[in-house]
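Visitor: Okay, here's the structure, questions in a sec.
The values are calculated or read from the model by the stated rules, or taken from the named source; none is laboratory data. Treat the numbers as computed from the prediction; the structure is a model and nothing was measured. Quick reminder, even Gly has a Cβ in these numbers, built from the backbone with ideal geometry, and neighbours come from all protein chains shown. These accessible areas exclude ligands, DNA and RNA; they are computed on the full protein's heavy atoms, side chains included. Shrake-Rupley method; radii C 1.70, N 1.55, O 1.52, S 1.80 Å.
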Amino acid sequence: MTSPDAPRRGRPGYDQETVLRRAVELFNRQGYDGTSMSDLARELGVSKSAIYHHVESREDLLRAGLDEGLDALSAAIESAAAGPGSAGDRLRAALRESVLVLAAHLPAVTLLLRVRGNSGIEQQALRRRRELDDRLAALVSAAAEEGVVRRDLPPELVSRLLFGTVNSLVEWYRPSGTTDPASLADAVAAIAFEGITAH
């Protein structure tokens with residue numbers, strides 16, 4: 001008889017969170033359209049039926065991955081927008097929090113930034129992204145009215161430039177690197193608000 005503490009034999013199972021993590025990694029590597037459930041089963045070393053024990057479809061995995069990034073970004077922006085201080089303080093907080101979300105949810109945010117609207121799920125994600133863009137532009141506009149941000153540039157343009165900088169981090173930032181998320185967030189905010197010229 002085996003002891004209850006004895007290690008289990010055979011291939012270890014996967015929980016739903018692990019299946020999602022590996023699916024998102026695979027979508028980022030191969031593209032969602034180029035990834036099948038058979039590919040994911042191979043990646044995990046299990047049968048397709050073992051995956052369907054955790055999720056109903058490939059689309060469910062895509063939706064969950066996109067929602068992870070969108071929910072975290074939405075919460076960060078709403079928290080910053082409702083935070084204390086001036087409009088400039090709230091804009092700076094939104095910028096910093098966006099960097100921290102990206103660092104904490106890098107695979108999910110990467111997936112979000114790569115969707116092109118090829119399915120209903122992707123179109124819904126793009127709509128939510130546009131709502132976030134509008135919220136950020138409103139923060140920029142409020143900071144401009146306060147005199148913190150230049151008034152001669154359209155708020156939508158400033159917002160796209162600021163948060164385009166944040167989005168570009170998915171191309172090179174790695175959590176295993178030498179820069180921790182807080183330092184990265186501080187650097188992005190400092191460059192955005194004070195520039196790179198030594199004073």
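Visitor: Can you tell which of 125, 87, 50 shows the greatest fluctuation in a Gaussian network model of the chain with Cα springs below 10 Å?
Guide: The residue with the greatest mean-square fluctuation here is 50.
Visitor: Among all helices in the chain defined by DSSP H, which have a length of 18 Å or more along the axis from Cα atoms plus a Kyte-Doolittle mean of at least 1.0?
Guide: Helices meeting the span and hydropathy rule in the chain are 181-194.
Visitor: Further question on the same structure: Please list, by residue number, everything in region 51-65 whose backbone N is under 16 Å from a paramagnetic label point 7 Å out along Cα→Cβ of residue 41.
Guide: 51-59
Visitor: Another one. Running a GNM on the chain with Cα contacts under 10 Å, which residue among 153, 70, 169 ends up with the highest mean-square fluctuation?
Guide: 153
Visitor: Restricting to Cα pairs below 8 Å that are 6+ residues apart, what does the relative contact order work out to for the chain? Please round to a whole percent.
Guide: 21 percent
Visitor: Can you bin region 109-199 into rounded, prolate or oblate? Criterion: square roots of the alpha carbon gyration tensor eigenvalues sorted a ≥ b ≥ c, rounded for a/c under 1.5, prolate for a/b above b/c, oblate for the rest.
Guide: Judged from the Cα gyration tensor, region 109-199 comes out oblate (a/c at least 1.5, b/c at or above a/b).
Visitor: In 10 Å bins starting at zero, report the fraction of Cα pairs in the chain per bin as a rounded %.
Guide: 8, 30, 28, 18, 10, 4, 1, 0
Visitor: What 222 nm value per residue comes from the helices of the chain, counting each DSSP H run with n ≥ 4 as -39,500 (n - 2.57) and dividing by all residues, nearest 500 deg cm²/dmol?
Guide: -22000 deg cm²/dmol
Visitor: Counting only protein heavy atoms and a 1.4 Å probe, tell me what percentage of the chain's accessible area is made up of carbon and sulfur.
Guide: 51 percent
Visitor: Right, next: By accessible area of protein heavy atoms, probe 1.4 Å, what ranking do 77, 191, 121 get, highest first?
Guide: Largest accessible area first, the list is 191, 121, 77.
Visitor: In square angstrom, what is the accessible area per residue of the chain with a 1.4 angstrom probe?
Guide: Per-residue value: 58 Å².
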